[in-house]
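Every read-out reported here was derived from the displayed coordinates using simple, explicitly stated rules and does not represent laboratory data. Predicted model only: the values in this text are computed from it and were never measured. Note: ideal-geometry Cβ built from the backbone for every residue, glycine included; neighbour counts use all protein chains shown.
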Amino acid sequence: MSSESTPETGNEKGSDKSPAAKKLQNKWLLYSAAGLTLTGLGLCLFGEALHMKHTGEALMSWVLYGTLSLVAFNAGIAVFGQGVVFKSQIDYKKNRKKFNQKRYGNKPPPRGGNNRNRKPKTSQFTPKDVD
C-alpha cells in the first residue's frame, strides 16, 4: 500500500484544514471525551455512595461520596456542553463555506455590513413646503 492514507482516516495528503480549524477540532475532541469521562465518574461515585448508605456505613463517608458524585457529574455535563459548542462552531464554519460557494460561486462573498455601495432609500413621505 502507498504512503498516502485513505480518506477514511482523515489524514489526506494536502489537507486544507487551517491550524485554527485543527485547534478547534482538537478542543472539541478533548472537551467531549473529558466531559463524558467526568459524567461517568460522577455516576459511578453516586452508585458507590448509594451502596455505602444502604450497607450502613458512617454518615460522613457516603455524604462525601454523594457530594463528590454531584460535583463530578455536573462538571462533566458542563465540559461536555463546551465540547458541543466547539462542534457547532466547526459545523457552522464548514457549512458557511459551502453556502457561500454555492451562492457566490468563485467570486468572494461581500464583506461587512456597511452598505457603502447601496443607494440611499428615498422616503415616500416628503415634507410639505413651508412658506
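Coupling constants for segment 28-40 follow from the phi torsions by the Karplus curve (6.51 cos²θ - 1.76 cosθ + 1.60, θ = phi - 60°), and in residue order they are 4, 5, 5, 5, 5, 5, 5, x, 5, 5, 5, 5, x Hz; glycine and proline get x. With the convex hull drawn around the C-alpha atoms of segment 30-95, the volume per residue stands at 52 Å³. Calculated on the Cα set of segment 60-111, radius of gyration then Dmax: 21.3, 67 Å. Which net charge results for the neighbourhood of K23, defined as the other residues with beta-carbon distances under 13 angstrom from its beta-carbon, given Lys and Arg at +1 and Asp and Glu at -1? Summing Lys/Arg as +1 and Asp/Glu as -1 gives +4.
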